[in-house]
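Reviewing the structure listed below.
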Amino acid sequence: MKKLLALFVLSVSFFLVFNGCEDRSDLTAPPSLGGKSGDADLSKMVSLGNSLTAGYQNGTIYISATQYAYPYLIAKQAGVEISGLAVSDPGLGGRLEIKSLSPFTLFTNTKQGSIINLNYPLPFQNLGVPGALAYDVVSATSSTNCASALFGGTPNPYFDIILRNGTTGTKTPIQLALEQNPTFITLWIGNNDVLGYATSGGVSPSAPTPVPNFQAIYGAIANAITAAGKQGKGIVANIPDVTSIPFFNTVGPQIALSTPWYQLQALGVNGLVYQKSSGIGIADSVSLLRGTNLVTLRGSSYAPLLGQPTGKYYRDLGISVPAGIDTAKPFGFHPQNPWPNPLILDSDEIQTATTAINNFNTIISNFATAVNFGLVDINKLFKEIRQNDFTGGTVFNGRVFTTTFVTGGLFSLDGVHPTSQGQGIIANEFIKVINSKFNAKFPLVDVSAIPGSLIFSAKLSYQNGYPIIPIEVFNRLLF
């Protein structure tokens, strides 16, 4: 994945230029370490995880983004290379791209690239699979027996093209990793065990993975690592709070800022009416602004319709208007035509997600102790960056980053996955812990030398205060 160095150029107007296009690779060129420094040996590194580990960005996998996934950046700083799935641009279909800046509009590029390294020797060293749950690390061997297929009914083809087990293979990601006799293991899994619940507004596919199940899975991973004699030869990352990412922090504040109080008062309501699983609830503009209730990024497709008579949400989904809903009423402002439940993560659902994350992170911390792995606190990192948004942002290598959608530079156009520079920031958190835990001196990545952040030479503007994102953009999105 990291062998091709073509730069990813979004299909945007001439108003965009890339930050960091000049060749500055000398700034991050590591010494010839051969993967070894102090007590750390990264000469044969394997990585287990999901889309974050794979380098999934803007809704798909493609080489000019995945080459900057944190496992490849860590390997580069250690002076080694690792193998992984490589797909030519624009990826395996469904890449999100910018159609225009004013009004800011996204579209889905339906063109497809091709897998570049089908004949690469088995197995890959980067075994991050987009859409993978913790369950999949110890149980999945194909698209038909992964968690999404068994529990949601949707096979995930990434398991077939990354694990490459064929029609008779029975090896799981942890087995494929350990059979390579790695000198170092990176593990970052569990995000999807809560993220699927949160991004669906708490209604689908189910509640977060039960804590006992999550505990058992990490116990199985620990047992496999111990049996292979790999204790003390790796690093694990915990799970960030879902409320730290722009998928949940973009539409709500825009509603709060762009809906005049006089309009609400004229409608005889204090704010938005939304549908809860137990009935109708109220989310006023102040609560949306402060994060008491969060509108998902999917809500951007319907936010411009607030206050209008409309049943567009149900038409887009191709379902009948539910009993009790009157689409002649002002959408989102009337109890008989409320903001649909899947577009809102309300306070109770936020608490459910937060509790799950806290429990999962305790399990991950205990796992790190049990197998003597380093622990990367990504949860703390993202929370700090999010908090700094309100005081001017966070500086990495002279560049300012925020969690703001698109312009913040940290997250890609899907509002969930990091940009290439965001991957560089994550890689550095891993390297810092490796250096501290193993008395190593691997150099950090110069984030400013990675292409990815966009400089807007023309002003980005929203229509009616909202980014225009067609609802079908999210139909293919994996986490």
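The values are calculated or read from the model by the stated rules, or taken from the named source; none is laboratory data. Because the structure is a prediction, the values reported are computed rather than measured. Note: ideal-geometry Cβ built from the backbone for every residue, glycine included; neighbour counts use all protein chains shown.
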Quick check on region 129-137. Is at least one of its residues surrounded by fewer than 17 Cβ atoms within 10 Å (Cβ to Cβ), under 17 Å from residue 66 (Cβ atoms) and among the β-branched types (Val, Ile, Thr)? no
Can you tell me which residue among 335, 340, 322 is over 30 Å from residue 234 (Cα atoms) and either of a type in the set (S, T, N, Q) or in contact with a Phe, Trp or Tyr (Cβ under 6 Å, 6 or more places away or on another chain) (or both)? 340
Going by the structure shown, is residue 57 in the same structural domain as residue 440 (by TED's automatic domain parsing) and modelled with pLDDT under 95? yes
The one condition residue 80 fails out of (1) closer than 25 Å to residue 238 by Cβ; (2) more than 19 Å from the chain's Cα centre (by Cα) is (1)
Within region 413-425, does at least one residue satisfy the condition of being out of contact with any Cys (no Cβ under 6 Å at 6 or more places or on another chain), within 29 Å of residue 359 (Cβ to Cβ), at pLDDT 95 or above and among the charged types (D, E, K, R)? no
Considering only region 27-42, I want to know if a residue exists there that is of a type in the set (Asp, Glu), surrounded by fewer than 24 Cβ atoms within 10 Å (Cβ to Cβ) and modelled with pLDDT of 95 or more. yes
Lone unmet requirement of (1) at pLDDT below 90; (2) surrounded by fewer than 17 Cβ atoms within 10 Å (Cβ to Cβ) for residue 334: (2)
Residue 428 vs (1) surrounded by 18 or more Cβ atoms within 10 Å (Cβ to Cβ); (2) touching a Ser or Thr at 6+ places or on another chain (Cβ under 8 Å): all pass except (2)
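Yes or no, residue by residue, for (1) under 30 Å from residue 434 (Cβ atoms); (2) free of Cβ contacts under 8 Å to residues at least 60 places away in the same chain; (3) in contact with a strand residue (DSSP E or B) (Cβ under 8 Å, 6 or more places away or on another chain):
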{"residue": "145", "(1), (2), (3)": "no, yes, no"}
{"residue": "148", "(1), (2), (3)": "no, yes, no"}
{"residue": "154", "(1), (2), (3)": "no, yes, no"}
{"residue": "160", "(1), (2), (3)": "no, yes, no"}
{"residue": "163", "(1), (2), (3)": "yes, yes, yes"}
{"residue": "171", "(1), (2), (3)": "yes, yes, no"}
{"residue": "186", "(1), (2), (3)": "yes, no, yes"}
{"residue": "190", "(1), (2), (3)": "yes, no, no"}
{"residue": "194", "(1), (2), (3)": "yes, no, no"}
Given the conditions (1) at positive phi; (2) buried (at least 19 other Cβ atoms within 10 Å of the Cβ), every one holds for residue 393 apart from (2)
Within the bounds of region 71-90, is there any residue that is touching a helix residue (DSSP H, G or I) at 6+ places or on another chain (Cβ under 9 Å), surrounded by fewer than 21 Cβ atoms within 10 Å (Cβ to Cβ) and among the polar types (S, T, N, Q)? yes
From 153, 190, 201, which residue is buried (at least 23 other Cβ atoms within 10 Å of the Cβ), within 30 Å of residue 300 (Cβ to Cβ) and modelled with pLDDT under 95? 201
Would you please name the residue that is modelled with the lowest pLDDT, looking only at residues in region 265-315 that are farther than 28 Å from residue 351 by Cα and in contact with a helix residue (DSSP H, G or I) (Cβ under 8 Å, 6 or more places away or on another chain)? 307
Of the residues 363, 426, which single one is among the aliphatic types (A, V, I, L, M), assigned by TED's automatic domain parsing to the domain that holds residue 185 and closer than 22 Å to residue 69 by Cβ? 426
